[in-house]
1. List every residue whose amide H lies under 5 Å from the amide H of residue 219, counting only residues 5 or more places away in sequence or on a different chain, with H placed 1.01 Å from N in the peptide plane.
2. Between residue 171 and residue 139, how high is the FRET efficiency from 1/(1 + (r/R0)^6) when r is the Cβ-Cβ distance and R₀ = 41 Å? Nearest 0.05.
3. By per-residue mean of other Cβ atoms within 10 Å, what is the highest-first order of 338-350, 212-224, 154-166?
4. Calculate, for region 146-211, the solvent-accessible area per residue in square angstrom, rolling a 1.4 angstrom probe over the heavy atoms of the protein chains.
5. Rank-order 377-383, 270-276 by packing density, defined as the average count of other C-beta atoms within 10 Å over each peptide's residues, highest first.
6. Go through 209, 251 and list them by solvent-accessible area, largest first, probe radius 1.4 Å.
7. Within the accessible area of region 185-342, what % is carbon and sulfur when the probe is 1.4 Å and the other protein chains stay in place?
8. By how many nm would the segment from residue 289 to residue 178 lengthen if fully extended, with 0.36 nm per residue of separation less the alpha-carbon distance?
Amino acid sequence: MVGADPKFQTIGRAIRSALSAVPLRALPLQWHWLAMAALCVPLSFVLVQCGKAPNAEMLAANTDGAKSRADSRTSIDTFEDRFPQPQFADRFPTANESLPQFQRQVALAPQPPRTVRTEPVRVASLTPTLMLPRTEREELTTLVSMKSSAFPYFGANPRSEEPFLNISKGDRKGHRSYGGRVYWQDETYNDSRVLVHVPETFDVRKPGVIVVFFHGNGATLERDVRDRQLVPQQISDSGVNAVLLAPQLAVNAADSSAGKFWQPGGFKRFIDESASHLARLYGDPKSAQAFANLPIVIVGYSGGFLPTAWSLEVGGVPNRVRGVFLLDAVYGELDKFASWIEKNRTGFFVSSYTRYTKRHDQELMQMLRDRGITVTESMNAPLRPGSVVFVQTPDGVTHRDYVTQAWTEHPVKDVLVKMAATPTLTRVASAPAASR
(Lines give C-alpha, C1' and ligand atoms only; values in the text may rest on other atoms or scores of the structure.)
Protein backbone atom coordinates (compact mmCIF):
# COMPACT_ATOMS: atom_id res chain seq x y z
CA MET A 1 0.00 0.00 0.00
CA VAL A 2 1.30 3.43 -0.88
CA GLY A 3 2.12 5.39 2.35
CA ALA A 4 1.84 2.41 4.76
CA ASP A 5 4.42 2.27 7.61
CA PRO A 6 5.13 -0.99 9.52
CA LYS A 7 5.64 0.74 12.89
CA PHE A 8 2.16 2.22 12.85
CA GLN A 9 0.72 -1.14 11.97
CA THR A 10 2.46 -2.62 15.10
CA ILE A 11 1.07 0.10 17.39
CA GLY A 12 -2.42 -0.39 16.02
CA ARG A 13 -2.34 -4.11 16.70
CA ALA A 14 -1.14 -3.57 20.28
CA ILE A 15 -3.92 -1.10 21.04
CA ARG A 16 -6.56 -3.39 19.58
CA SER A 17 -5.26 -6.29 21.71
CA ALA A 18 -5.34 -4.23 24.89
CA LEU A 19 -8.85 -2.97 24.28
CA SER A 20 -10.18 -6.39 23.48
CA ALA A 21 -8.97 -7.67 26.84
CA VAL A 22 -11.13 -5.17 28.76
CA PRO A 23 -14.88 -4.85 28.09
CA LEU A 24 -15.78 -1.25 27.24
CA ARG A 25 -18.85 -1.34 29.45
CA ALA A 26 -16.56 -1.90 32.49
CA LEU A 27 -14.56 1.27 31.82
CA PRO A 28 -15.40 4.74 33.15
CA LEU A 29 -16.58 7.39 30.68
CA GLN A 30 -13.17 9.09 30.38
CA TRP A 31 -11.65 5.79 29.33
CA HIS A 32 -14.08 5.67 26.41
CA TRP A 33 -12.62 8.93 25.11
CA LEU A 34 -9.10 7.64 25.62
CA ALA A 35 -9.89 4.52 23.60
CA MET A 36 -11.29 6.58 20.74
CA ALA A 37 -8.17 8.74 20.71
CA ALA A 38 -5.95 5.67 20.63
CA LEU A 39 -7.71 4.53 17.44
CA CYS A 40 -7.86 7.90 15.65
CA VAL A 41 -4.28 9.09 16.19
CA PRO A 42 -2.59 6.20 14.27
CA LEU A 43 -5.22 6.54 11.56
CA SER A 44 -4.32 10.20 11.11
CA PHE A 45 -0.67 9.28 10.51
CA VAL A 46 -1.71 6.81 7.84
CA LEU A 47 -3.79 9.47 6.07
CA VAL A 48 -0.87 11.90 6.17
CA GLN A 49 1.36 9.31 4.59
CA CYS A 50 -1.25 8.65 1.87
CA GLY A 51 -1.17 12.33 1.00
CA LYS A 52 2.49 11.92 0.06
CA ALA A 53 1.80 9.77 -3.03
CA PRO A 54 4.65 9.86 -5.58
CA ASN A 55 4.36 12.36 -8.42
CA ALA A 56 5.04 11.69 -12.13
CA GLU A 57 8.78 12.22 -11.73
CA MET A 58 8.98 9.68 -8.88
CA LEU A 59 7.05 7.12 -10.92
CA ALA A 60 9.26 7.73 -13.93
CA ALA A 61 12.30 7.01 -11.74
CA ASN A 62 10.97 3.51 -11.10
CA THR A 63 10.48 2.60 -14.77
CA ASP A 64 12.86 0.38 -16.69
CA GLY A 65 15.94 2.12 -17.99
CA ALA A 66 15.59 5.07 -15.60
CA LYS A 67 18.28 6.28 -13.24
CA SER A 68 18.31 4.58 -9.83
CA ARG A 69 19.33 6.29 -6.64
CA ALA A 70 22.22 3.90 -6.13
CA ASP A 71 23.57 4.14 -9.67
CA SER A 72 24.02 7.58 -11.18
CA ARG A 73 25.76 6.29 -14.33
CA THR A 74 22.51 5.56 -16.20
CA SER A 75 20.78 8.59 -17.73
CA ILE A 76 17.09 9.26 -17.14
CA ASP A 77 14.71 8.44 -20.04
CA THR A 78 12.54 11.39 -20.98
CA PHE A 79 9.25 11.47 -22.88
CA GLU A 80 11.15 12.52 -26.00
CA ASP A 81 13.45 9.49 -25.58
CA ARG A 82 10.52 7.09 -25.54
CA PHE A 83 8.28 8.91 -28.06
CA PRO A 84 10.56 10.81 -30.48
CA GLN A 85 9.17 13.33 -32.91
CA PRO A 86 8.50 11.84 -36.42
CA GLN A 87 11.34 12.46 -38.81
CA PHE A 88 10.95 13.68 -42.41
CA ALA A 89 11.75 10.21 -43.74
CA ASP A 90 8.99 8.72 -41.60
CA ARG A 91 6.35 10.93 -43.23
CA PHE A 92 7.61 11.20 -46.80
CA PRO A 93 9.02 8.14 -48.63
CA THR A 94 12.16 8.26 -50.70
CA ALA A 95 12.17 8.21 -54.49
CA ASN A 96 12.81 4.46 -54.42
CA GLU A 97 9.65 3.74 -52.49
CA SER A 98 6.36 3.10 -54.31
CA LEU A 99 2.90 4.26 -53.30
CA PRO A 100 0.43 2.50 -55.60
CA GLN A 101 -2.12 2.11 -52.81
CA PHE A 102 -2.07 5.86 -52.12
CA GLN A 103 -2.39 6.66 -55.79
CA ARG A 104 -5.48 4.49 -55.94
CA GLN A 105 -6.99 6.32 -52.96
CA VAL A 106 -6.28 9.66 -54.64
CA ALA A 107 -7.92 8.49 -57.83
CA LEU A 108 -11.03 7.39 -55.95
CA ALA A 109 -11.11 10.32 -53.54
CA PRO A 110 -14.31 12.39 -53.47
CA GLN A 111 -14.25 15.39 -55.71
CA PRO A 112 -14.17 18.88 -54.13
CA PRO A 113 -17.38 20.94 -53.93
CA ARG A 114 -18.50 22.51 -57.17
CA THR A 115 -19.92 25.91 -57.99
CA VAL A 116 -23.72 25.82 -58.10
CA ARG A 117 -25.87 27.02 -61.00
CA THR A 118 -29.47 28.03 -60.73
CA GLU A 119 -30.83 25.75 -63.45
CA PRO A 120 -32.30 22.45 -62.21
CA VAL A 121 -31.48 18.95 -63.41
CA ARG A 122 -33.54 15.78 -63.08
CA VAL A 123 -32.10 12.84 -61.18
CA ALA A 124 -33.17 9.33 -62.22
CA SER A 125 -35.06 7.71 -59.35
CA LEU A 126 -37.90 5.34 -58.59
CA THR A 127 -39.23 7.93 -56.17
CA PRO A 128 -40.93 11.18 -57.22
CA THR A 129 -38.67 13.48 -59.27
CA LEU A 130 -36.04 15.30 -57.22
CA MET A 131 -34.91 18.71 -58.43
CA LEU A 132 -31.25 19.46 -57.66
CA PRO A 133 -29.09 22.41 -58.71
CA ARG A 134 -26.82 21.64 -61.63
CA THR A 135 -23.11 22.14 -61.01
CA GLU A 136 -20.54 23.91 -63.16
CA ARG A 137 -18.56 21.63 -65.47
CA GLU A 138 -15.06 20.79 -64.31
CA GLU A 139 -12.42 18.29 -65.31
CA LEU A 140 -12.96 14.84 -63.87
CA THR A 141 -10.68 11.80 -63.94
CA THR A 142 -11.77 8.78 -61.96
CA LEU A 143 -11.98 4.99 -61.90
CA VAL A 144 -15.29 3.20 -62.51
CA SER A 145 -15.95 -0.53 -62.21
CA MET A 146 -17.75 -1.88 -65.28
CA LYS A 147 -19.16 -5.37 -65.76
CA SER A 148 -18.30 -5.33 -69.47
CA SER A 149 -14.65 -4.38 -68.98
CA ALA A 150 -11.97 -6.81 -70.18
CA PHE A 151 -11.65 -8.74 -66.91
CA PRO A 152 -12.54 -10.88 -65.05
CA TYR A 153 -12.91 -13.27 -67.97
CA PHE A 154 -13.89 -16.95 -67.73
CA GLY A 155 -14.40 -17.74 -71.41
CA ALA A 156 -12.20 -19.35 -74.03
CA ASN A 157 -9.01 -18.19 -75.66
CA PRO A 158 -9.88 -17.90 -79.37
CA ARG A 159 -6.30 -18.68 -80.32
CA SER A 160 -6.56 -22.21 -78.91
CA GLU A 161 -10.30 -22.62 -78.34
CA GLU A 162 -9.39 -23.77 -74.83
CA PRO A 163 -10.38 -22.13 -71.53
CA PHE A 164 -8.47 -18.91 -70.94
CA LEU A 165 -7.83 -19.91 -67.32
CA ASN A 166 -5.88 -23.05 -68.16
CA ILE A 167 -3.82 -23.46 -64.98
CA SER A 168 -5.06 -24.67 -61.57
CA LYS A 169 -3.37 -24.75 -58.17
CA GLY A 170 -5.78 -25.75 -55.45
CA ASP A 171 -8.66 -23.28 -55.64
CA ARG A 172 -6.63 -20.77 -57.68
CA LYS A 173 -7.03 -20.41 -61.43
CA GLY A 174 -4.45 -18.93 -63.72
CA HIS A 175 -3.40 -18.40 -67.32
CA ARG A 176 -0.17 -19.44 -68.95
CA SER A 177 0.72 -16.57 -71.23
CA TYR A 178 2.13 -16.79 -74.73
CA GLY A 179 5.59 -16.28 -73.24
CA GLY A 180 5.13 -19.25 -70.90
CA ARG A 181 4.68 -17.37 -67.64
CA VAL A 182 1.74 -18.17 -65.38
CA TYR A 183 -0.42 -15.28 -64.15
CA TRP A 184 -3.14 -15.84 -61.56
CA GLN A 185 -6.71 -14.74 -62.03
CA ASP A 186 -7.04 -13.17 -58.57
CA GLU A 187 -3.94 -11.01 -59.11
CA THR A 188 -3.74 -10.24 -62.83
CA TYR A 189 -7.19 -10.76 -64.36
CA ASN A 190 -9.59 -9.53 -61.69
CA ASP A 191 -9.65 -5.74 -62.15
CA SER A 192 -12.85 -4.50 -63.80
CA ARG A 193 -12.07 -0.80 -63.45
CA VAL A 194 -12.02 1.72 -66.26
CA LEU A 195 -10.23 5.06 -66.21
CA VAL A 196 -12.79 7.68 -67.25
CA HIS A 197 -11.87 11.25 -68.11
CA VAL A 198 -14.29 14.07 -68.88
CA PRO A 199 -12.59 17.43 -69.63
CA GLU A 200 -14.20 20.54 -68.23
CA THR A 201 -14.64 21.90 -71.76
CA PHE A 202 -16.60 18.89 -72.96
CA ASP A 203 -20.07 19.79 -74.21
CA VAL A 204 -22.43 16.91 -74.94
CA ARG A 205 -24.57 19.18 -77.14
CA LYS A 206 -21.75 19.55 -79.70
CA PRO A 207 -20.13 17.01 -82.04
CA GLY A 208 -17.82 14.87 -79.98
CA VAL A 209 -15.97 11.58 -79.77
CA ILE A 210 -15.22 8.81 -77.30
CA VAL A 211 -11.54 7.85 -77.20
CA VAL A 212 -10.95 4.26 -76.07
CA PHE A 213 -7.35 3.65 -75.00
CA PHE A 214 -5.98 0.10 -74.77
CA HIS A 215 -2.75 0.18 -72.76
CA GLY A 216 0.26 -2.07 -73.29
CA ASN A 217 1.93 -4.75 -71.21
CA GLY A 218 3.10 -4.22 -67.65
CA ALA A 219 0.74 -1.33 -66.98
CA THR A 220 -1.76 -0.05 -64.46
CA LEU A 221 -4.30 2.69 -65.03
CA GLU A 222 -3.09 5.07 -62.35
CA ARG A 223 0.67 4.66 -62.56
CA ASP A 224 1.02 4.39 -66.32
CA VAL A 225 -2.03 5.54 -68.30
CA ARG A 226 -2.78 8.52 -66.08
CA ASP A 227 0.51 9.60 -64.50
CA ARG A 228 3.28 8.45 -66.85
CA GLN A 229 1.68 8.43 -70.29
CA LEU A 230 -0.55 11.44 -69.50
CA VAL A 231 -3.39 10.19 -71.68
CA PRO A 232 -6.15 12.16 -69.86
CA GLN A 233 -3.99 15.29 -70.01
CA GLN A 234 -3.41 14.83 -73.73
CA ILE A 235 -7.17 14.55 -74.28
CA SER A 236 -7.76 17.82 -72.41
CA ASP A 237 -4.83 19.67 -73.95
CA SER A 238 -6.00 18.82 -77.47
CA GLY A 239 -9.05 21.06 -77.02
CA VAL A 240 -11.11 18.43 -78.85
CA ASN A 241 -14.63 17.70 -77.64
CA ALA A 242 -13.70 14.20 -76.45
CA VAL A 243 -13.99 11.93 -73.42
CA LEU A 244 -11.74 9.01 -72.50
CA LEU A 245 -12.35 5.37 -71.58
CA ALA A 246 -9.32 3.23 -70.68
CA PRO A 247 -10.13 -0.28 -69.43
CA GLN A 248 -7.65 -2.13 -67.24
CA LEU A 249 -6.26 -5.11 -69.11
CA ALA A 250 -3.83 -7.61 -67.54
CA VAL A 251 -2.54 -5.88 -64.41
CA ASN A 252 1.17 -5.12 -64.54
CA ALA A 253 1.84 -8.24 -66.63
CA ALA A 254 3.59 -9.14 -69.88
CA ASP A 255 0.33 -10.29 -71.43
CA SER A 256 -1.87 -8.80 -74.17
CA SER A 257 -5.01 -10.89 -73.60
CA ALA A 258 -8.21 -9.15 -74.68
CA GLY A 259 -10.58 -10.79 -72.18
CA LYS A 260 -14.22 -9.93 -72.87
CA PHE A 261 -13.18 -8.00 -76.00
CA TRP A 262 -12.51 -11.39 -77.61
CA GLN A 263 -16.25 -12.10 -77.47
CA PRO A 264 -18.60 -11.14 -80.33
CA GLY A 265 -20.31 -7.91 -79.34
CA GLY A 266 -18.00 -7.48 -76.33
CA PHE A 267 -16.82 -4.02 -77.37
CA LYS A 268 -20.42 -2.91 -78.03
CA ARG A 269 -21.48 -4.01 -74.54
CA PHE A 270 -18.58 -2.03 -73.11
CA ILE A 271 -19.52 1.12 -75.02
CA ASP A 272 -23.23 0.74 -74.18
CA GLU A 273 -22.52 0.38 -70.46
CA SER A 274 -20.20 3.38 -70.50
CA ALA A 275 -22.98 5.74 -71.61
CA SER A 276 -24.68 5.86 -68.21
CA HIS A 277 -21.36 6.25 -66.40
CA LEU A 278 -20.28 9.11 -68.66
CA ALA A 279 -23.65 10.82 -68.23
CA ARG A 280 -23.43 10.58 -64.46
CA LEU A 281 -19.90 11.94 -64.39
CA TYR A 282 -20.82 14.67 -66.82
CA GLY A 283 -23.50 15.75 -64.37
CA ASP A 284 -26.61 15.22 -66.50
CA PRO A 285 -28.24 11.76 -66.48
CA LYS A 286 -30.33 12.76 -69.51
CA SER A 287 -27.17 12.95 -71.62
CA ALA A 288 -26.77 9.14 -71.62
CA GLN A 289 -28.51 8.89 -75.01
CA ALA A 290 -26.06 11.38 -76.52
CA PHE A 291 -23.08 9.42 -75.22
CA ALA A 292 -24.64 6.23 -76.58
CA ASN A 293 -24.42 7.66 -80.11
CA LEU A 294 -21.01 9.35 -80.08
CA PRO A 295 -18.42 8.19 -82.66
CA ILE A 296 -15.41 6.27 -81.37
CA VAL A 297 -11.66 6.50 -81.90
CA ILE A 298 -9.61 3.52 -80.69
CA VAL A 299 -6.01 4.09 -79.60
CA GLY A 300 -3.92 0.95 -79.09
CA TYR A 301 -0.43 1.09 -77.60
CA SER A 302 2.02 -1.83 -77.78
CA GLY A 303 0.24 -4.94 -76.41
CA GLY A 304 -3.06 -3.06 -76.79
CA PHE A 305 -3.03 -4.17 -80.43
CA LEU A 306 -4.87 -7.40 -79.53
CA PRO A 307 -8.04 -5.91 -77.95
CA THR A 308 -7.97 -3.25 -80.68
CA ALA A 309 -7.94 -5.82 -83.49
CA TRP A 310 -10.67 -7.99 -81.96
CA SER A 311 -12.86 -4.95 -81.18
CA LEU A 312 -12.66 -4.01 -84.86
CA GLU A 313 -13.34 -7.56 -86.04
CA VAL A 314 -16.14 -8.76 -83.71
CA GLY A 315 -16.86 -5.75 -81.49
CA GLY A 316 -20.30 -5.08 -82.95
CA VAL A 317 -19.97 -1.32 -83.63
CA PRO A 318 -18.08 -1.03 -86.94
CA ASN A 319 -20.01 2.04 -88.06
CA ARG A 320 -19.25 4.00 -84.89
CA VAL A 321 -15.49 3.49 -85.01
CA ARG A 322 -14.32 6.44 -87.11
CA GLY A 323 -10.61 6.25 -86.36
CA VAL A 324 -7.85 3.82 -85.29
CA PHE A 325 -4.48 4.97 -83.98
CA LEU A 326 -1.75 2.42 -83.22
CA LEU A 327 1.33 3.40 -81.22
CA ASP A 328 4.15 0.94 -81.98
CA ALA A 329 1.50 -1.76 -81.83
CA VAL A 330 1.43 -3.81 -85.05
CA TYR A 331 2.65 -7.09 -83.58
CA GLY A 332 0.09 -9.24 -85.39
CA GLU A 333 -3.58 -9.57 -86.44
CA LEU A 334 -2.71 -7.85 -89.75
CA ASP A 335 -5.72 -9.33 -91.53
CA LYS A 336 -8.11 -7.77 -89.00
CA PHE A 337 -6.59 -4.31 -89.40
CA ALA A 338 -6.51 -4.57 -93.20
CA SER A 339 -10.12 -5.77 -93.32
CA TRP A 340 -11.36 -2.86 -91.19
CA ILE A 341 -9.45 -0.30 -93.29
CA GLU A 342 -10.85 -1.73 -96.51
CA LYS A 343 -14.45 -1.75 -95.24
CA ASN A 344 -14.40 1.67 -93.52
CA ARG A 345 -13.25 4.26 -96.00
CA THR A 346 -14.95 7.07 -94.08
CA GLY A 347 -12.65 6.62 -91.11
CA PHE A 348 -8.89 7.14 -90.69
CA PHE A 349 -6.07 4.80 -89.75
CA VAL A 350 -2.70 5.88 -88.30
CA SER A 351 0.16 3.60 -87.27
CA SER A 352 3.44 5.00 -85.96
CA TYR A 353 6.23 2.53 -85.32
CA THR A 354 9.80 1.91 -84.21
CA ARG A 355 12.26 -0.70 -85.44
CA TYR A 356 10.56 -3.25 -83.17
CA THR A 357 7.38 -3.35 -85.25
CA LYS A 358 8.79 -2.09 -88.56
CA ARG A 359 8.58 -5.47 -90.30
CA HIS A 360 4.88 -5.93 -89.46
CA ASP A 361 4.00 -2.35 -90.41
CA GLN A 362 5.70 -2.71 -93.78
CA GLU A 363 3.85 -5.98 -94.35
CA LEU A 364 0.53 -4.31 -93.53
CA MET A 365 1.34 -1.43 -95.90
CA GLN A 366 1.95 -3.87 -98.71
CA MET A 367 -1.29 -5.72 -97.98
CA LEU A 368 -3.21 -2.44 -98.29
CA ARG A 369 -1.44 -1.36 -101.47
CA ASP A 370 -2.24 -4.73 -103.00
CA ARG A 371 -5.91 -3.97 -102.30
CA GLY A 372 -5.67 -0.61 -104.05
CA ILE A 373 -5.65 1.50 -100.88
CA THR A 374 -3.45 4.61 -100.86
CA VAL A 375 -0.93 4.70 -98.04
CA THR A 376 0.85 7.84 -96.82
CA GLU A 377 4.09 7.76 -94.85
CA SER A 378 4.03 11.23 -93.31
CA MET A 379 2.01 12.98 -90.59
CA ASN A 380 2.41 16.39 -92.22
CA ALA A 381 -0.73 16.07 -94.31
CA PRO A 382 -4.14 16.65 -92.72
CA LEU A 383 -6.27 13.68 -91.68
CA ARG A 384 -9.26 13.09 -93.91
CA PRO A 385 -11.89 10.35 -94.15
CA GLY A 386 -10.11 7.38 -95.67
CA SER A 387 -6.62 8.56 -94.64
CA VAL A 388 -4.17 5.69 -94.04
CA VAL A 389 -0.91 6.91 -92.54
CA PHE A 390 2.22 5.02 -91.48
CA VAL A 391 5.03 6.98 -89.88
CA GLN A 392 8.37 5.60 -88.77
CA THR A 393 10.04 7.25 -85.80
CA PRO A 394 13.83 7.46 -85.34
CA ASP A 395 15.87 4.99 -83.32
CA GLY A 396 16.34 7.45 -80.47
CA VAL A 397 12.64 7.21 -79.61
CA THR A 398 12.06 4.54 -76.98
CA HIS A 399 9.13 2.15 -76.90
CA ARG A 400 8.47 2.78 -73.19
CA ASP A 401 7.97 6.53 -73.71
CA TYR A 402 6.15 6.18 -77.02
CA VAL A 403 2.79 7.49 -75.76
CA THR A 404 4.38 10.80 -74.83
CA GLN A 405 7.17 10.97 -77.45
CA ALA A 406 6.81 9.48 -80.93
CA TRP A 407 7.18 11.54 -84.11
CA THR A 408 6.13 14.45 -81.92
CA GLU A 409 5.57 15.16 -78.27
CA HIS A 410 2.17 13.93 -77.03
CA PRO A 411 1.12 12.08 -80.21
CA VAL A 412 -2.42 11.30 -78.95
CA LYS A 413 -3.06 15.01 -78.66
CA ASP A 414 -1.56 15.62 -82.13
CA VAL A 415 -3.79 13.05 -83.86
CA LEU A 416 -6.92 14.43 -82.19
CA VAL A 417 -6.03 18.00 -83.20
CA LYS A 418 -5.47 16.94 -86.83
CA MET A 419 -8.73 15.01 -86.80
CA ALA A 420 -10.80 17.90 -85.42
CA ALA A 421 -9.20 20.49 -87.70
CA THR A 422 -10.40 18.72 -90.85
CA PRO A 423 -13.78 20.16 -91.93
CA THR A 424 -15.00 16.83 -93.29
CA LEU A 425 -14.38 15.22 -89.90
CA THR A 426 -16.20 17.81 -87.81
CA ARG A 427 -19.14 15.45 -87.46
CA VAL A 428 -16.75 13.13 -85.61
CA ALA A 429 -15.29 15.73 -83.26
CA SER A 430 -14.81 19.45 -83.00
CA ALA A 431 -12.56 21.70 -80.97
CA PRO A 432 -14.79 23.63 -78.53
CA ALA A 433 -12.75 26.80 -78.83
CA ALA A 434 -13.20 26.88 -82.59
CA SER A 435 -16.90 26.09 -82.55
CA ARG A 436 -17.97 28.83 -80.17
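The values are calculated or read from the model by the stated rules, or taken from the named source; none is laboratory data. Being a predicted model, the structure only gives us computed values, none of them experimental. Here the Cβ is made from the backbone with ideal geometry for all residues, glycine too, and neighbour counts use every protein chain on show. Note: areas computed on protein heavy atoms with side chains; ligands, DNA, RNA excluded. Shrake-Rupley method; radii C 1.70, N 1.55, O 1.52, S 1.80 Å.
1. Under 5 Å from the amide H of residue 219 lie the amide H atoms of 252, 253, each far enough along the sequence or on another chain.
2. 0.45
3. Details: 338-350: 18.6, 212-224: 22.3, 154-166: 13.7.
Going by the mean number of other Cβ atoms within 10 Å, highest first, we get 212-224, 338-350, 154-166.
4. Details: 3460 Å² over 66 residues.
Per residue, region 146-211 has 52 Å² of solvent-accessible surface.
5. 270-276, 377-383
6. Ranking 209, 251 by accessible area, largest first, yields 251, 209.
7. C and S fraction of accessible area: 48 percent.
8. 36.0 nm
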